[in-house]
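See structure below.
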Amino acid sequence: MGALKLTALNKSFGAVAVLHDIQLEIADGEFVVFVGPSGCGKSTLLRIIAGLEDITSGGIEIGGRDVAALSPAERKIAMVFQSYALYPHMSVRKNLAFGLENLRFKKAEIDKRIAEAARMLAIEPYLDRKPRQLSGGQRQRVAIGRAIVREPEIFLFDEPLSNLDAALRVQTRAEITRLHRNIKTTMIYVTHDQVEAMTMADKIVVLRAGRIEQVGTPLELFDRPRNLFVAGFLGSPRMNILTGRVEEARGGEALIRVASGAVLAAKVDPGSVAAGQPVLIGIRPAHFVLAQAGLPFIVDYYESLGTETYLYGHLEHFQEKREPALLAERPQDKDTSHSGKSAQIIIHRPGHFAPEPGSRLTVMPEAGRVHVFDPASELCLSSGGTVHGC
Ligand SMILES: Nc1ncnc2c1ncn2[C@@H]1O[C@H](COP(=O)(O)OP(=O)(O)OP(=O)(O)O)[C@@H](O)[C@H]1O
Ligand SMILES: [Mg+2]
């Protein structure tokens, strides 16, 4: 059925290599989300799975059979694009029927499949309209319907919701999740949206520059990122990164002096750090608590959303500069580069909170929520074992 296996897969366009040694297994019925910066190869990988691009080397199996030489139609895959790609001169019904008619399905079977897909997606009232007479959300539902009627073994979605407004995105996201629950067909879904990735995926695949950085459940990737890139890429606002130096390391515990002078306790892989070693510390905005003693945080400004507040500021006496090149580039992030004496720190607080700009708070990371990274390899130094923290 819809299990997928990619083995040592490489893809080049002429002299330019865009995918490197991709190894990936997707179980039948899984919902897998691909994320990664623009240009990292997400669409190319989808198109390879669909059979719209050939592979330069490596293997691709669907349901246990080698499909490298099979055409898109023979692979039993349906793809939904960001641009709905509907035929403008055909009615919705005809758009849904067209692919099946080409495959010489009987009319009764086509009608049955259209009726079922239309019911599932609530597009029955629009079946006789042309695409231009539909809203963006309705058009995207027709595009999904066109995939459903083919009863594929794998659905591929390439940023299907990015042309929709916020409310429609939420609604269509829920519809796709419900669809997956009902039909339990393998789905591979590309998105730039953090919430889509975290809420829809059984498994997230993080790509960077044509390589897989990490594969795991949303919470595994969020709580135990393998490296600085994954840590910075997932989570919004992104993880704060501080420079520090190991003061003391014993077994799986380390005391780390951060550049502001405070000392933080962190779990690490036994033997992975030694006293005196420079490290990078990652703390997510939501994982700070106000404390009696700890890191002195100066508020520059805040953004209150009513139910939650983001505090933007810096650590007092913070001398060392954060190294922006070490962090993943994410288009949705604000520019956090700075020329001042300290890195910007973002702290998330529940509820409405309105500190005066310039006010000084003392904050500490929650226990077990300090991620430690090696500045040279960028690898997380506490990869296994703990549920929280990295
Ligand atoms: N037909 C092509 N010929 C040459 N280079 C290509 C071709 N298609 C894609 N590329 C290159 O391959 C790389 C990966 O492109 P791809 O479209 O897969 O990225 P992506 O991760 O989907 O990006 P985005 O998030 O912007 O959609 C890019 O550097 C792109 O310029
Ligand atoms: Mg793309």
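The values are calculated or read from the model by the stated rules, or taken from the named source; none is laboratory data. Keep in mind that what you see is a predicted model, and the values were worked out from it rather than measured. Cβ atoms come from the backbone with ideal geometry, glycine included; neighbour counts cover every protein chain shown. Note: accessible area is taken over every heavy atom of the protein model, side chains too, but ligands, DNA and RNA are not part of it. Shrake-Rupley method; radii C 1.70, N 1.55, O 1.52, S 1.80 Å.
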Scan the stretch 75-91 for residues that are at pLDDT 90 or above and under 14 Å from residue 155 (Cα atoms) and report the count.
6
Give all pairs with beta carbons closer than 7 Å in which a residue from the stretch 62-89 that is within 16 Å of residue 2 (Cβ to Cβ) meets a residue that is open to solvent by 60 Å² or more (accessible area, probe 1.4 Å); count only pairs at least 6 apart in sequence or on separate chains.
63/1; 67/61; 72/52; 78/150
Are there any pairs with C-beta distances below 7 angstrom linking a residue in the stretch 32-61 that is touching a residue at least 60 places away in the same chain (Cβ under 8 Å) to a residue that is charged (D, E, K, R) and near ligand 2 (Cβ under 9 Å from one of its atoms), with the two at least 6 apart or on different chains, and if so which?
34/42; 36/42; 43/158; 46/158
How many of the residues making up the stretch 232-282 are buried (at least 20 other Cβ atoms within 10 Å of the Cβ), among the charged types (D, E, K, R) and not in a strand (DSSP E or B)?
1
Can residue 301 be described as modelled with pLDDT of 90 or more, in contact with a Phe, Trp or Tyr (Cβ under 7 Å, 6 or more places away or on another chain), among the aromatic types (Phe, Trp, Tyr) and surrounded by 14 or more Cβ atoms within 10 Å (Cβ to Cβ)?
no
Filter result for residue 115 (under 25 Å from the mean Cα position of the chain (by Cα) and either among the aliphatic types (A, V, I, L, M) or away from ligand 1 (no atom under 14 Å from the Cβ) (or both))
no
Tell me yes or no: at least one residue of the stretch 15-28 is polar (S, T, N, Q), open to solvent by 10 Å² or more (accessible area, probe 1.4 Å) and under 27 Å from residue 175 (Cα atoms).
no
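What is the residue count in the stretch 205-226 for residues that are open to solvent by less than 10 Å² (accessible area, probe 1.4 Å) and either in a loop (DSSP other than H, G, I, E, B) or of a type outside the set (Val, Ile, Thr) (or both)?
Residues that pass the stated criteria total 5.
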Take residue 53 and decide whether it is within 16 Å of ligand 2 (Cβ to nearest atom) and either acidic (Asp, Glu) or surrounded by 14 or more Cβ atoms within 10 Å (Cβ to Cβ) (or both).
yes
Pairs only if they're at least six apart or on different chains, beta carbon under 9 angstrom, first in the stretch 355-376 and on the phi > 0 side of the Ramachandran plot and part of a loop (DSSP other than H, G, I, E, B), second at pLDDT below 95 and open to solvent by 50 Å² or more (accessible area, probe 1.4 Å); list them, first residue then second.
368/267; 368/387; 368/388
